[in-house]
Amino acid sequence: MEKFFDTISKSREALRKNRAEFWEENKKDFKKNIKKIMELHPMPKKWRLYIVASDFLFDKEIFPFDYDSWSSTNLIAATKKQGFEIMIFLNKARLQFLSLHGLIPLIEHEFEHVIQASRNPKKYLKSIINDSISKKLEVEAEKKVRYISDEFRKQWVLESVLYCYDLQGWKLAKKMADFLYLQMSDMYGGGYDKGMLKEEYEHFIKAREEDDISIFMDFFEKN
């Protein structure tokens, strides 16, 4: 991930400039950025990976903190006759506006599920109906994400909160921050790390109280 770390400052700088243009550029480059990240991860021998990036066919708008913004990694087939195939579904509602740097923690998490599914298909399939196994696999995936620089997590958090702030102000930004800090670890089957740390959340609350989003941004850049 070093080559991406060396360019993360460009995404940080973009958040201080024309963010509307930044979000549009990220959406335009969404598939290209996913491919760049995935190119660092060769598939296990004999396995094929399909990647779908899409929205659900809902009439309502889905925000990145909503329950229905989930992505998933699914086992398609795992026999000699049917083949050995896995599919990653990436939900545009939570991901499309993110930069390459902001995408990295979430893509890394899903690719760890690819490794889990290829290593033990029966266990992975069983996790769908077994909460305990599901949670263990999520904990394992989060542990892998922690091996990469925490700067990528910070970029994901910054972009997610600022995107919601730019959409509808503090109300939506607060929902995003609450999801990352208060709700995420217990979502779905559980086993996830908190997206936002305690001190980061406290600085978001301070920024909201003083009606100054730069307080939140400054904290991330100085820590």
Whether any residue in the range 212-221 is in contact with a helix residue (DSSP H, G or I) (Cβ under 8 Å, 6 or more places away or on another chain), touching a residue at least 40 places away in the same chain (Cβ under 8 Å), of a type outside the set (A, V, I, L, M, F, W, C) and not in a helix (DSSP H, G or I) is what I want to check. no
Looking only at the range 174-187, which residues are aliphatic (A, V, I, L, M), in a helix (DSSP H, G or I) and farther than 13 Å from Ala93 by Cβ? Ala177, Leu180, Leu182, Met184
Scan (1) exposed (fewer than 15 other Cβ atoms within 10 Å of the Cβ); (2) part of a helix (DSSP H, G or I); (3) in contact (Cβ under 8 Å) with a residue 40 or more places away in the chain for the single condition Lys171 breaks and write down its number. (3)
Taking the condition of being touching a helix residue (DSSP H, G or I) at 6+ places or on another chain (Cβ under 9 Å) and more than 23 Å from Glu151 (Cβ to Cβ), how many residues in the range 183-208 meet it? 6
Of everything in the range 69-90 that's under 12 Å from the mean Cα position of the chain (by Cα) and among the polar types (S, T, N, Q), which residue is surrounded by the fewest Cβ atoms within 10 Å (Cβ to Cβ)? Ser72
Tally the residues that are outside any helix (DSSP H, G or I) and either at pLDDT 95 or above or of a type in the set (D, E, K, R) (or both), restricting the search to the range 131-156. 1
From the list Ser54, Ser11, Ser71, exactly one residue is touching a Gly at 6+ places or on another chain (Cβ under 9 Å) and closer than 17 Å to Leu95 by Cα. Which is it? Ser11
Take the residues in the range 119-160 that are surrounded by fewer than 22 Cβ atoms within 10 Å (Cβ to Cβ) and among the acidic types (Asp, Glu); name whichever of them is nearest to Ser11 (Cα to Cα). Glu151
Of all residues in the range 50-92, count the ones that are assigned to a helix (DSSP H, G or I) and either at pLDDT below 95 or in contact with a Leu (Cβ under 7 Å, 6 or more places away or on another chain) (or both). 3
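The values are calculated or read from the model by the stated rules, or taken from the named source; none is laboratory data. Quantities reported herein were computed from a predicted structural model and do not represent experimental measurements. Using ideal geometry, Cβ is built from the backbone for each residue, glycine included, and neighbour counts are taken over all protein chains shown.
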